[in-house]
Structures are given as structure tokens and as C-alpha cells.
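Working notes, structure below.
The values are calculated or read from the model by the stated rules, or taken from the named source; none is laboratory data. In this text the structure is predicted, and so the values were computed from the model without any measurement. Here Cβ is always computed from backbone atoms with ideal geometry, including for glycine, and neighbour counts include all displayed protein chains.
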Amino acid sequence: MQSIGTASSLWRYPVKSLLGEKLDALALDGRGVVGDRIFAVRNAAGKFGSGKNTRRFARMEGLLTMSASWDAGSVSLRLADGRVMSNDHPDLNQALSSVLDQEVELVREAAVSHLDAGPVHLISTSALNWLRGLLPESFIDERRFRPNIILSTSGVGVIEHDWLGKTLSFAGGLRLHITGLTERCVMTGMRQSDLPDDLMITRTIGELMQFNFGVYAQVMEPGILRQGEHAFLE
């Protein structure tokens, strides 16, 4: 096995397309990261709030003004005005509808998955540094890309794209099979927290990488992944 780096940042997004939470450890099972994208905002047409328009998803302005955290099967949402409301709060849907300027509701995942093309999303620091070199005036922050796992690596370029079809194993026993590239949408360059709008990020990834940046993975062996664990390419 080849040592490729360490898990330097771990993220979970309890509500699809809202800001997530940075953690010291992640539990992963057959579905993916436990508590990840379990909830979503659904509009009157039955589509889930996202940064793009597809058969399942609808672009909604304002999602990135809110954040969510997960605790023992329930989720708490922090709204732009600072209010914190649980998923079972009687006024939550009204508050969300006001923020998003349309009738919406928060729903738990059922028959239709809230996940995109893969359950676990990884990006290397090599890829982030490559993009920073191309766009020195941009704020290339890992939060823009909504990864579950950031791997601190020493290679050059978007090295994870060469891992397709291979398996990553971690010191704690977790094993992930790399299944596909992560296609980017406009959300990558959208304003969030202290990060400004920057369309050049998505445009550059589109021109040079056909909008692909990072990889998706399936869980082969479930486990707990802790920050700082070493990663190996089998």
C-alpha cells in the first residue's frame, strides 16, 4: 500500500446545501457519513433545494446563509438572523419560507436520496493548492467545495482524479472505493459566510477540468475516521 497523506479536515452537512459542521471525527456506514444530508429543503414542486436545477433539485438563493448541526438523529438550523431552530420546531417551515422567499419545508430523506452522485466526497490539498496557483486573487477555501474529507497530500495537481477505481484505507480501518469525479455547479463560487462571490472559480474548473474537481467514494468497510489518520492507496 502507498501512503498518500492524512485526513486533515472532516465535514458533515446535515441539511443538503446548507453550511455544515467541521468535526474531529466522522462515523461512516454503508450510506456514507452518518448524519450527512439526512434532511433537505423541499419546495412546492417537490424538488430539493440545491445550487443547481435538475430533475431532483432546484436552485434556491439563500441556502448558504444558514447552517445545520446534527445530534443523535435530530438537526438544529441556525438562520441568518441568528435564530436556532430544531427540525421539529413548529415555526421552522415558516421561517425557512421567509428566508428563501418561497413556500418550502424541511424533510427527512425517504425514498429519494438527498445525495448527489456519490455518498462520500474527498478533495486533496494538492488540488486546492493547484487551484490557488491558478487564481491567486481568489479565496480558494475548502468550504466552497463542501467535502466530507480533506486529505493533506504532497503531490502536485488534482491527484485524486488518478484514484478512480482504487481503494483508500485509513489507519482506523475505514475503507473507501473511489467511484467517480465530482462535477461542480455554480454553488462553488457563491457567497457564503466570509467568502465572496467568485464566478472565476467555477469558470476555471470548467475550462481546465470539464467542471470536475475532487472525487466521490463508496464505503467498503465502515468505521470511524478521525482527524490526522493516515490514508493509504491500495
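Of note:
- Selected residue (criterion: nearest to the chain's Cα centre (by Cα)) from residues of region 202-219 that are among the hydroxyl-bearing types (Ser, Thr, Tyr) and in a helix (DSSP H, G or I): Thr202
- Considering (1) more than 15 Å from the chain's Cα centre (by Cα); (2) touching a residue at least 12 places away in the same chain (Cβ under 8 Å), the lone condition that Leu64 does not fulfil carries the number (1).
- Any chance Gly30 is small (Gly, Ala, Ser), touching a residue at least 12 places away in the same chain (Cβ under 8 Å) and under 26 Å from Ser193 (Cα atoms): no
- Annotation note: Cβ proximity below 7 Å between a residue of region 4-20 that is free of Cβ contacts under 8 Å to residues at least 24 places away in the same chain and a residue that is crowded, with 21+ Cβ neighbours inside 10 Å and assigned to a strand (DSSP E or B) (sequence gap 6+ or interchain) occurs for no pair.
- Condition broken by Arg55, with the remaining ones in (1) outside any strand (DSSP E or B); (2) touching a strand residue (DSSP E or B) at 6+ places or on another chain (Cβ under 7 Å) satisfied: (2)
- So Ile205, is it out of contact with any Gly (no Cβ under 7 Å at 6 or more places or on another chain), buried (at least 19 other Cβ atoms within 10 Å of the Cβ) and either more than 26 Å from Gly30 (Cβ to Cβ) or not assigned by TED's automatic domain parsing to the domain that holds Ile140 (or both): yes
- Some residue of region 109-117 being without any contact (Cβ under 8 Å) to a residue 24 or more places away in the chain, in a loop (DSSP other than H, G, I, E, B) and farther than 30 Å from Ile150 by Cα: no
- Residue within region 124-144 that is crowded, with 19+ Cβ neighbours inside 10 Å and either free of Cβ contacts under 8 Å to residues at least 12 places away in the same chain or part of a strand (DSSP E or B) (or both) present: yes
- Candidates Val104, Val156, filtered to the one that is assigned by TED's automatic domain parsing to the domain that holds Ser9 and over 20 Å from the mean Cα position of the chain (by Cα): Val156
- Criterion: at positive phi, surrounded by 15 or more Cβ atoms within 10 Å (Cβ to Cβ) and assigned by TED's automatic domain parsing to the domain that holds Glu103 - qualifying residue of Gly49, Gly62: Gly62
- Any hit, region 161-181, residues being closer than 30 Å to Ala45 by Cα and assigned by TED's automatic domain parsing to the domain that holds Val219: yes
- Region 63-92, residues that are among the small types (Gly, Ala, Ser) and in contact with a strand residue (DSSP E or B) (Cβ under 9 Å, 6 or more places away or on another chain): Ser67, Ala68, Ser69, Ser74, Ser76, Ser86
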